[in-house]
Amino acid sequence: MFERFTRAARLVVVQAQEEARQRKADEIRTEHLLAAFYAVPDADAPDDLAPAVLERFGVGRDEVLRAVDRVHASSGIDAEALSTIGIDLDEVRRQVEEAFGPGALDRTRAASGKKGGRLFGHIPFEGPAKKALQLALREAIALGHNHIGTEHILLGLLHSDEGAAHHILAAHGVRLAPARAVVRDLVGRREAG
């Protein structure tokens with residue numbers, strides 16, 4: 001299947017791993033694929049149509065990235081909640097670094113990828129993210145396209161209600177059938193031009 005991916009789609013898959021790594025996630029999730037649409041430079045991937053599809057729905061880069069950040073903030077340690085019971089995470093970090101040296105917390109097992117994030121090596125895809133990539137292939141076939149582009153990955157994310165990306169997109173009014181019509185239009189224009 002991967003051989004049918006366009007350059008942009010391949011870059012998005014690679015960048016999704018980096019998005020997961022930066023957010024210290026132990027799996028590549030659907031929201032990492034969504035954020036990765038915006039992490040690939042235009043010059044490297046002129047065939048990256050997913051952002052253009054989202055733009056047609058009035059959904060911009062900043063909105064998507066804020067929503068992805070909110071997903072990760074809500075799944076991590078809530079510093080504000082801890083402060084209500086007298087725990088100041090900044091003070092804890094300062095004291096640990098004072099005792100064990102700068103960056104001591106970054107050298108822990110949790111920070112190195114044993115649990116709660118991987119700084120090195122391959123990060124596996126979670127089930128819904130894998131499913132979105134499989135559905136991207138189905139969407140490409142259903143649309144009669146001989147490639148799998150970022151636009152098909154976007155349709156795969158919209159196809160099922162699993163994963164945070166689907167919920168982020170639905171909250172912004174992006175639905176599968178209208179997105180599919182936009183993809184048809186944009187791919188048709190690109191092939192005609």
Final fewest-first order of PHE37, PHE57, PHE125 on the 10 Å Cβ neighbour count is PHE57, PHE125, PHE37
Quick one: ASP185, ASP161, fewest Cβ neighbours within 10 Å first, how do they rank? ASP161, ASP185
So who's got an amide H within less than 5 Å of the one on ILE28, skipping anything under 5 residues away but keeping other chains? H placed 1.01 Å off N, in plane. PHE125, GLU126
Spacing of the two label points (7 Å from each Cα toward its C-beta) at PHE57 and ARG189, in nm: 1.7
Highest-first arrangement of 164-175, 10-21, 147-158, where packing means the average Cβ count within 10 Å: 147-158, 10-21, 164-175
I need the calculated FRET efficiency for the pair ASP161 and HIS122, taking r as the beta carbon distance and R₀ as 25 Å, to the nearest 0.05. 0.35
Can you compute 3J(HN,Hα) from phi for each residue in the range 18-30, using the Karplus curve 6.51 cos²θ - 1.76 cosθ + 1.60 with θ = phi - 60°, rounded to whole Hz and x for Gly and Pro? 5, 4, 5, 4, 4, 8, 6, 8, 8, 9, 7, 10, 4
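Every number here is computed from the coordinates shown, using simple stated rules; none is lab data. The structure displayed is predicted, hence computed values, not measured ones. All Cβ positions, even for glycine, are placed from backbone atoms using ideal geometry, and neighbour counts span all protein chains on display.
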